[in-house]
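A.B. asks: Okay, handing you the structure first.
The values are calculated or read from the model by the stated rules, or taken from the named source; none is laboratory data. Just so it is clear, the model here is predicted, and its values are computed rather than measured. Note that we place each Cβ from the backbone using ideal geometry, even for glycine, and neighbour counts take in every protein chain shown. Surface accessibility is based on the protein's heavy atoms, side chains included, excluding ligands, DNA and RNA. Shrake-Rupley method; radii C 1.70, N 1.55, O 1.52, S 1.80 Å.
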Amino acid sequence: MAKTWNPRNILILEKIYQALFPNQNQVELIPQYSYTQSLHQAIEQLERQNREINLTVFEDLATIAQADPKLQRKIMTALTNFIRNNAVEETQIQVQDNQLSTIRADIQAALSVLAHRNAQQDKESEPLDLSHIDIRGANLCGANLEMTNLYQTNLSGADLCSANLHGAILTAANLSGANLSGANLKEAILSAANLRGANLSGANLNRANLYLAKLDGAILKDATLNGANLREAQFSDVDILIKPIGDG
């Protein structure tokens, strides 16, 4: 199950903020609050365990990332760590018992900041690591997740329409019932991924690796699969009309 706030979590977040802003006396003020004030306010909010107020922490981080591109990667790393610590992968039994679980608002807020970051500012950084987590039902429509590590991540029922997943690692990921319409999955690694009932209409799957992927009941209308590896992929009741166009 996802972790709740406790003193140890608060201490970890405080250390993250301190690492992000080591020279707090020298930084410029953002509208209404200095980084120091934002830090103290965030800690206060966390201590009250009010998740609705906690969402402003992520808004502040998004504002800071836009205001100072040099801090973007550190902020994205902090958000990734937050998600990994709170969207804990559940056991198969827990997943079966909790099929209709919805994503926590604070985890969704952190994902949204990550997904809509300015990718041009972290081109030389390590890819994002969102592997082994449970983010079922997440809204990642239009997200930039190029080269992201999503190994064994539970994305069941997630909205990934028009998302950029070029070269992403989705090995053994659970994408059952996910909306991947218009998504860019070019050269993505989807080996042994669960794509049962997924909507892949109009998706770019050129040169994607779908070895052992489960595509039963998937929608593949107008999808492009030029050069894709479909060896031992499972197809049954697939709605398919492959788009006969050149490689893209």
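A.B. asks: For region 86-118, which residues satisfy the criterion of being of a type in the set (A, V, I, L, M), at pLDDT 75 or above and open to solvent by less than 60 Å² (accessible area, probe 1.4 Å)?
C.D. replies: 87, 88, 103, 107, 109, 110, 111, 113, 114, 115
A.B. asks: Could you count how many residues in region 165-184 are farther than 18 Å from residue 136 by Cα and in contact with a Gly (Cβ under 9 Å, 6 or more places away or on another chain)?
C.D. replies: The number of residues fulfilling the criteria is 1.
A.B. asks: A further question on this structure: Taking into account only those residues within region 154-183 that are in contact with an Asp or Glu (Cβ under 8 Å, 6 or more places away or on another chain) and among the polar types (S, T, N, Q), which is nearest to residue 212 (Cα to Cα)?
C.D. replies: Filtering first and then ranking leaves 154.
A.B. asks: Okay, moving on. Looking only at region 151-162, how many residues end up being of a type outside the set (Asp, Glu) and either open to solvent by 40 Å² or more (accessible area, probe 1.4 Å) or touching a helix residue (DSSP H, G or I) at 6+ places or on another chain (Cβ under 8 Å) (or both)?
C.D. replies: 5
A.B. asks: Being in a strand (DSSP E or B) and either in contact with a Lys or Arg (Cβ under 7 Å, 6 or more places away or on another chain) or of a type in the set (A, V, I, L, M) (or both) is the filter here; which residues of region 159-206 pass it?
C.D. replies: 169, 189, 194, 204
A.B. asks: Only one residue in 172, 193, 198, 168 is within 30 Å of residue 82 (Cα to Cα) and within 15 Å of the chain's Cα centre (by Cα), so which one is that?
C.D. replies: Selected residue: 168, the only one of 172, 193, 198, 168 that is within 30 Å of residue 82 (Cα to Cα) and within 15 Å of the chain's Cα centre (by Cα).
A.B. asks: I need a count of the residues in region 163-175 that are under 17 Å from residue 234 (Cβ atoms) and surrounded by 21 or more Cβ atoms within 10 Å (Cβ to Cβ).
C.D. replies: 5
A.B. asks: Right, something else. If I go through region 207-221 residue by residue, how many of them are in a loop (DSSP other than H, G, I, E, B), open to solvent by 50 Å² or more (accessible area, probe 1.4 Å) and not charged (D, E, K, R)?
C.D. replies: The number of residues fulfilling the criteria is 2.
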